[in-house]
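Structure, as structure tokens:
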Amino acid sequence: TAQTTFAIVPGLGESELEDMYDPAFYSSLIHSKYGVTVDCPKFKGKSKWGTRMRAVFESQGKPWTESVEADLKASIAELASKSPAQILHPARRSSFDALVNDLAGSLDPK
């Protein structure tokens with residue numbers, strides 16, 4: 001157990017990396033690139049990010065395919081790489097910070 005740390009989102013039984021991100025940080029990217037707003041009821045809930053994002057796109061009449069999902073995730077990842085300190089949602093970052101600390105500690109020669 002001491003050598004295992006999961007980056008989880010509290011309240012979600014299943015999550016993906018994008019669930020840890022702050023939607024306020026990437027919402028303008030999604031709006032300008034896809035014409036979709038994430039500030040809608042379909043984005044709320046306890047499903048994984050991809051499932052909720054599919055519902056958002058479909059509710060706004062936009063196509064959602066594997067290539068759209070991959071492109072969106074790549075665009076958000078690029079945005080995250082430019083501002084890593086700002087991308088994580090403040091209320092969801094504690095497990096990610098713990099994972100980073102554990103990884104850094106395992107790399108530190110003692």
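Some notes on this structure:
- Evaluated against (1) open to solvent by 50 Å² or more (accessible area, probe 1.4 Å); (2) modelled with pLDDT of 90 or more; (3) among the hydrophobic types (A, V, I, L, M, F, W, C), Phe96 falls short on exactly one condition, (2).
This table checks each residue for (1) among the small types (Gly, Ala, Ser); (2) open to solvent by 80 Å² or more (accessible area, probe 1.4 Å); (3) assigned to a loop (DSSP other than H, G, I, E, B).
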| residue | (1), (2), (3) |
| --- | --- |
| Ala2 | yes, yes, yes |
| Thr5 | no, no, yes |
| Ile8 | no, yes, yes |
| Leu12 | no, no, yes |
| Val36 | no, no, yes |
| Gly61 | yes, no, yes |
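- Of Ala85, Ala91, Ala74, all but one fail to be part of a helix (DSSP H, G or I), among the small types (Gly, Ala, Ser) and open to solvent by less than 70 Å² (accessible area, probe 1.4 Å); the exception is Ala74.
- Total residues in region 38-49 satisfying the condition of being of a type outside the set (Ser, Thr, Tyr) and open to solvent by less than 80 Å² (accessible area, probe 1.4 Å): the figure is 6.
- Taking (1) open to solvent by 40 Å² or more (accessible area, probe 1.4 Å); (2) over 30 Å from Ser106 (Cβ atoms) in turn, Arg52 satisfies each apart from (1).
The values are calculated or read from the model by the stated rules, or taken from the named source; none is laboratory data. The model shown is predicted, which means the values in this text are computed figures rather than measured ones. Using ideal geometry, Cβ is built from the backbone for each residue, glycine included, and neighbour counts are taken over all protein chains shown. Each accessible area value is taken on the protein alone, full model and side chains, heavy atoms only, with ligands, DNA and RNA left out. Shrake-Rupley method; radii C 1.70, N 1.55, O 1.52, S 1.80 Å.
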